[in-house]
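What follows is a single structure, written as C-alpha cells, with notes after it.
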Amino acid sequence: MINYRKAVMVGCGFVGSATVFSLMQSGLFSEIAMIDADMSKAEGEAMDISHGIPFAKQMKVYAGSYDDVTDAGIVIVTAGANQKPDETRLDLVNKNVAIFKQIIPEIAKRNFEGILLIVANPVDILTQVAQKLSGLPENRVIGSGTVLDTGRLKHRLGEHLGVDSRSVHAFIIGEHGDSEIAAWSSANVSGIPLNDFCEMRGHYQHEEATREIAEKVKNSAYEIIQRKRATYFGVAMAVKRICEVIVRDEKSILPVSTAMHGEHGIDGVVLSMPCIVGKDGIETMVPIRLSETEQKQLQESAEVLKKIVEQLE
C-alpha cells in the first residue's frame, strides 16, 4: 500500500540534503528515508536534519535502504556526479547513466508503486533512462525538468517589472540546459500580455529585454557554480513544490520532464513541457501557444537530446 506521507531520497549530496531539509520544514511528510552509497554520509545528514525537527513539525528523518522504497509515495533521485565549472549538464550524461544503472533496478525490484521523481542532471535524459530501466508507466516517472528554470524566469521578470513574481505566468520549456526556450508568446502577468504590462511599467525595448532575461536565466546555474561550486537551494525549493503538488493531488501545471509522442512534431524523447501533475504523476500535457520561432527552437532542443540518447543506446 502506498504511503503518500513517506518519501525516500536517493543521494545525500548538496541537492539531496538541501531538499530533505526543505521537505522537513514543509511538514509535507511524516517520514523521509535517506539513501546514499556512503552510509555514513546518509546517517550524518539525517542526524543533522533531525535536530531541526523540534522547531518544525513532528516526523522521522533517517538513513535507510532500498527496502524503504516499497511503500513510499515518492522516491526522489538526486544521486549523480556534480556539475563542474565549465561543464554543461550534457557533459554529465555518461557518468550519471552508469550510476542510474545501479540505482533504478534496485527501486524497480521492490515493486514500487509511487512516483519516481528524477532530479539528477541531465534531468531530461536521465528521466528517459529511468523510464526504460524501471519499466514503470511513463506518467509515474517524472523529471524536475524546467521547474527551477521557470522559477528563475519569474524571479527575473518580477524584478524587471517591479511586481510579485507569483503574478508572473511564463514557462521555460525544452531541455533543462543550454537549448532551453523561454516561451514568450504565452507569457503574461495576471492575464495581461507581457509586452502590454512591460509598457505599463515603462519598458519598451521588448526584444532586447527578453533576450537579456532569457540569457541570464539560462546562465544562472553556471554563474552560481562559478561562485560557490554548486547549486542546491533553488532546486530544493523546486523539488519541494513538485512534491506538494503530488502529495496534495493539486493538479497544478508544472513544466516537468515528460515523454513526447508527436506533440509539436516531437517523438521519442523526454523534455520539459507544462503538464497537469497530481498524485498519479503526469495527467496530461497542457498545450501552450508558441510562435513559429519557438516551435522551431523546441524541435531543435529535442534534436539535441535525441542525439545524446541515440549515442547511449
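The values are calculated or read from the model by the stated rules, or taken from the named source; none is laboratory data. Everything numeric in this text was worked out from a predicted model, so none of it was measured. For neighbour counting, all protein chains shown are included, and Cβ atoms are generated from backbone atoms with ideal geometry for every residue, glycine included.
List of remarks:
- Residue in the stretch 29-52 that is buried (at least 17 other Cβ atoms within 10 Å of the Cβ), outside the structural domain of VAL239 (by TED's automatic domain parsing) and touching a residue at least 60 places away in the same chain (Cβ under 8 Å) present: yes
- Among the residues of the stretch 67-83, some residue qualifies, meaning at least one is more than 30 Å from LYS307 (Cβ to Cβ), within 23 Å of the chain's Cα centre (by Cα) and among the small types (Gly, Ala, Ser).
- In the condition set (1) more than 25 Å from ALA259 (Cβ to Cβ); (2) aliphatic (A, V, I, L, M); (3) outside any helix (DSSP H, G or I), LEU157 is compliant with all but (3).
- Residue in the stretch 246-257 that is hydrophobic (A, V, I, L, M, F, W, C), more than 15 Å from the chain's Cα centre (by Cα) and farther than 16 Å from GLU303 by Cβ present: yes
Residues are listed down the side, and each one gets a yes or a no for (1) of a type in the set (Phe, Trp, Tyr); (2) at pLDDT 95 or above; (3) outside the structural domain of GLY281 (by TED's automatic domain parsing):
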{"site": "PHE100", "(1), (2), (3)": "yes, yes, yes"}
{"site": "GLN131", "(1), (2), (3)": "no, yes, yes"}
{"site": "GLU138", "(1), (2), (3)": "no, yes, yes"}
{"site": "LEU153", "(1), (2), (3)": "no, yes, no"}
{"site": "GLY158", "(1), (2), (3)": "no, yes, no"}
{"site": "GLY177", "(1), (2), (3)": "no, no, no"}
{"site": "SER190", "(1), (2), (3)": "no, yes, no"}
{"site": "GLU199", "(1), (2), (3)": "no, yes, no"}
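- Check on ALA72, modelled with pLDDT of 95 or more and either over 16 Å from ALA236 (Cα atoms) or assigned by TED's automatic domain parsing to the domain that holds LYS279 (or both): yes
- Residue within the stretch 112-120 that is surrounded by fewer than 20 Cβ atoms within 10 Å (Cβ to Cβ), in the same structural domain as VAL93 (by TED's automatic domain parsing) and either outside any helix (DSSP H, G or I) or touching a strand residue (DSSP E or B) at 6+ places or on another chain (Cβ under 9 Å) (or both) present: yes
- Subset of the stretch 56-86 [more than 30 Å from ASP178 (Cα to Cα), surrounded by fewer than 17 Cβ atoms within 10 Å (Cβ to Cβ) and either of a type in the set (D, E, K, R) or touching a Lys or Arg at 6+ places or on another chain (Cβ under 8 Å) (or both)]: LYS57, LYS60, ASP67
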